[in-house]
1. How many of the residues making up the stretch 220-241 are closer than 17 Å to VAL193 by Cβ and either open to solvent by less than 30 Å² (accessible area, probe 1.4 Å) or among the aliphatic types (A, V, I, L, M) (or both)?
2. Going by the structure shown, is ALA117 assigned to a helix (DSSP H, G or I), without any contact (Cβ under 8 Å) to a residue 60 or more places away in the chain, under 30 Å from ALA43 (Cβ atoms) and open to solvent by 30 Å² or more (accessible area, probe 1.4 Å)?
3. On the basis of being closer than 28 Å to PRO213 by Cβ, open to solvent by less than 10 Å² (accessible area, probe 1.4 Å), at pLDDT below 90 and part of a helix (DSSP H, G or I), does THR73 make the cut?
4. So in the stretch 221-236, with the set limited to residues that are without any contact (Cβ under 8 Å) to a residue 60 or more places away in the chain, assigned to a helix (DSSP H, G or I) and touching a helix residue (DSSP H, G or I) at 6+ places or on another chain (Cβ under 8 Å), which one is nearest to GLY157 (Cα to Cα)?
5. Please state which one of ALA181, ALA128 is under 25 Å from PRO213 (Cα atoms) and over 15 Å from the mean Cα position of the chain (by Cα).
6. State all residues of the stretch 193-219 that are free of Cβ contacts under 8 Å to residues at least 24 places away in the same chain, among the small types (Gly, Ala, Ser) and either surrounded by 15 or more Cβ atoms within 10 Å (Cβ to Cβ) or not in a helix (DSSP H, G or I) (or both); if no residue qualifies, say none.
7. Select from the stretch 121-161 the residues that are within 15 Å of VAL74 (Cβ to Cβ), open to solvent by 50 Å² or more (accessible area, probe 1.4 Å) and either in contact with a helix residue (DSSP H, G or I) (Cβ under 8 Å, 6 or more places away or on another chain) or among the acidic types (Asp, Glu) (or both) and list them in ascending order.
8. Going by what's in this entry, would LEU244 be described as buried (at least 22 other Cβ atoms within 10 Å of the Cβ), assigned to a helix (DSSP H, G or I) and touching a residue at least 40 places away in the same chain (Cβ under 8 Å)?
Amino acid sequence: MSPHAFADTMTMARRDFKHTARYPMLLVSTVVAPGFLLVMFVAIFGGAMKAALVGTGTAHYVDYITPAILIQTVAFSAQSTAITVNVDMTEGVIARFRTMAIARTSVLTGTVVGSIARTVIAIALLFAVAVGLGYRTHGTVLGWLAALALIGLLTLGFMWLSVGFGLNAKTVAGASSSVVALEFLPFISGAFVPTGSMPTAVRWVSENQPFNPIIDSVRGLLGGSPVGHQGWVALAWCAGFAVLGYVWARRLYDREPVR
């Protein structure tokens with residue numbers, strides 16, 4: 001990336017970050033909602049859920065669920081990104097950017113960079129809430145670095161996918177609803193209870209959808225337990241999301257007519 005393109009990208013990233021600050025509900029859905037979800041499950045359902053952890057090697061429900069909420073935090077942030085991009089698209093802002101003397105790639109890349117920065121803040125705050133609720137990690141430094149790298153790659157993939165959703169949707173409502181699957185799928189996985197407690201058909205779906213190996217891998221890396229081949233499966237899914245999202249978003253941006 002040339003110095004000119006880098007400067008334009010950083011300008012777009014700052015714009016995205018400031019744009020989010022002007023819309024409190026987007027900030028709430030990204031930062032506050034995951035923390036509230038964690039508190040709700042740990043404080044209200046934690047006692048009942050703990051019985052399902054027998055045999056998993058995890059003694060405390062907050063240790064089990066925190067990695068899952070981390071992944072959902074990324075999905076919540078993706079929804080905000082899709083809405084922001086769609087607003088820019090439908091209101092003609094992106095069309096005006098195309099007429100300006102700026103690097104063409106900076107418009108999308110800057111949005112992704114700003115979204116990643118917002119997600120990092122949300123994840124840091126969620127960790128603080130989790131520690132306050134009693135979360136303790138037994139992972140090694142290498143395990144933590146691997147978990148953060150996996151979350152980072154997933155974040156990159158989801159942000160590019162959300163840019164594609166925002167460009168593809170005709171309305172803000174459409175952009176928002178198109179990302180719902182990313183928020184909903186973790187519920188049909190081993191995110192909140194082990195898959196062994198589920199009916200056969202539901203268990204099969206849970207164990208063969210992308211979020212399950214990702215959440216299990218992050219949980220294992222942070223908790224200091226073996227990850228096995230699940231780590232490679234999770235890495236493949238995250239890399240696939242990143243490549244698919246980038247290619248799709250760039251194609252939509254390059255061919256989208258001015259509205």
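The values are calculated or read from the model by the stated rules, or taken from the named source; none is laboratory data. It should be emphasised that the depicted structure is a prediction, and the values quoted were computed from it without experimental measurement. When we count neighbours, we look across all protein chains shown, and the Cβ atoms used for this are built from the backbone with ideal geometry, even at glycine. What goes into the accessible areas is simple: the full protein's heavy atoms, side chains included, and nothing from ligands, DNA or RNA. Shrake-Rupley method; radii C 1.70, N 1.55, O 1.52, S 1.80 Å.
1. Number of matching residues: 1.
2. It is false that ALA117 is assigned to a helix (DSSP H, G or I), without any contact (Cβ under 8 Å) to a residue 60 or more places away in the chain, under 30 Å from ALA43 (Cβ atoms) and open to solvent by 30 Å² or more (accessible area, probe 1.4 Å).
3. no
4. The residue in question is VAL233.
5. Details: ALA181 fails: over 15 Å from the mean Cα position of the chain (by Cα).
When all the criteria are applied, what remains is ALA128.
6. Matches in the stretch 193-219: SER206 only.
7. Selection gives ILE121, LEU125, LEU156.
8. Details: buried (at least 22 other Cβ atoms within 10 Å of the Cβ): no; assigned to a helix (DSSP H, G or I): yes; touching a residue at least 40 places away in the same chain (Cβ under 8 Å): yes.
Here the answer is no, as LEU244 does not meet what is asked.
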